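To start, the structure itself, in structure tokens.
The values are calculated or read from the model by the stated rules, or taken from the named source; none is laboratory data. Keep in mind it's a predicted model, so treat the numbers as computed, not measured. Cβ sites come from the backbone with ideal geometry, for glycine too, and all protein chains shown count toward neighbours.
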Amino acid sequence: MKMRIGITGSGGFIGKHLSGGFKNKGHIISSFNLPKGDLLNPNPVLMRKFIRNNDIIIHTAGVNRGTDSEIISGSVIATYNLIKEVKKQNSRVKIIFLSSNQAVLDNVYGRSKKLAETLLEDFSRTNKNDVTLFRLPNVFGEGGRPFYNSVVHTFCHQVARGQNPTLLVDKKTSFIYIGDLLKIINKEVSTKRRIPFCLKTLESKNELMISDLLKLVRSFEAIKNISELKTKFHRDLFKTYSWFKNNE
């Protein structure tokens, strides 16, 4: 069934993939993205139109890098303004929020995501709008941005350019390929739930120490054909590396 889907932060890595994927499936896509679509200082006319014209809003907008206040504002105030307008329009729009598995951690980024989650949970329980929160592991794939929010993108960018990445911290990290994430979100778009609020932590079997990830990406320099790689995870990483190799 064709649906009207609005995406905040549609200019970002995940937002761009969502927009393209849903358009390919025949859905009607609208965007709320900087510079005109600013959730921190929203244009009332654009905001009202965005809410009214959609059945589902996928909220991906946020700030991953910056000062503490910028990171908190990018998640909390942006989410508050979105909820405020939905209430004002008395809209029944479903909201899917892409949070982070860092929401359980005691750092500024994690706390900002947790606060945004709390706002959306309270909104769902009081307003009865459908809200689904996805806590995501590290998302990677073609078209990513290095030195931002994915160590995979940074390593692929550096190795593809013949640089020697610096290992700042070594810890076990979970990863999910953008194509797999799109399948999960696409399923959620058409899911009808008996209870309005749903929180899902996306578990991933793709876990590596950061040092092992770097070794793996470096090994791709010697790979001539993707068929040499036996696991889907390794093939997805190789596709990401190849994108950086061919597009920079």
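Values as computed for the structure displayed
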read-out: Residue, modelled with the lowest pLDDT, within the range 189-203, restricted to residues that are of a type outside the set (S, T, N, Q) and within 13 Å of LEU136 (Cβ to Cβ); value: GLU203
read-out: Test: residue in the range 36-51 that is surrounded by fewer than 21 Cβ atoms within 10 Å (Cβ to Cβ), among the basic types (Lys, Arg) and either in contact with a helix residue (DSSP H, G or I) (Cβ under 6 Å, 6 or more places away or on another chain) or within 28 Å of PHE140 (Cα to Cα) (or both); value: yes
read-out: Flag for ASP130 being within 30 Å of TYR80 (Cα to Cα), surrounded by fewer than 18 Cβ atoms within 10 Å (Cβ to Cβ) and modelled with pLDDT of 95 or more; value: no
read-out: Test for ASN33: is it within 21 Å of ALA116 (Cα to Cα), surrounded by 14 or more Cβ atoms within 10 Å (Cβ to Cβ) and modelled with pLDDT under 95; value: yes
read-out: Candidate set: the range 61-70, residues that are farther than 16 Å from THR118 by Cα and crowded, with 18+ Cβ neighbours inside 10 Å; chosen: the one modelled with the lowest pLDDT; value: VAL63
read-out: Which numbered condition THR154 misses (of (1) closer than 23 Å to LYS205 by Cβ; (2) polar (S, T, N, Q); (3) in contact (Cβ under 8 Å) with a residue 40 or more places away in the chain); value: (3)
read-out: Subset of the range 1-14 [within 27 Å of THR154 (Cα to Cα) and part of a strand (DSSP E or B)]; value: ILE7, THR8
read-out: Near pairs, Cβ below 6 angstrom, 6+ apart or cross-chain, from the range 228-245 (over 14 Å from THR154 (Cβ atoms)) to any residue that is not in a helix (DSSP H, G or I); value: PHE233/ASN206; ARG235/LEU229; ASP236/TYR177; PHE238/LEU229
read-out: Residue list for the range 123-149, filter: basic (Lys, Arg), more than 19 Å from GLY12 (Cα to Cα) and not in a loop (DSSP other than H, G, I, E, B); value: ARG125
read-out: Selection count, the range 147-172, where residues are closer than 17 Å to ASN64 by Cβ and modelled with pLDDT under 95; value: 6
read-out: Pick from the range 101-111, criterion within 17 Å of the chain's Cα centre (by Cα) and touching a residue at least 40 places away in the same chain (Cβ under 8 Å), ranking: surrounded by the fewest Cβ atoms within 10 Å (Cβ to Cβ); value: ASN101
read-out: Flag for THR240 being under 18 Å from the mean Cα position of the chain (by Cα) and either at pLDDT below 95 or not aliphatic (A, V, I, L, M) (or both); value: yes
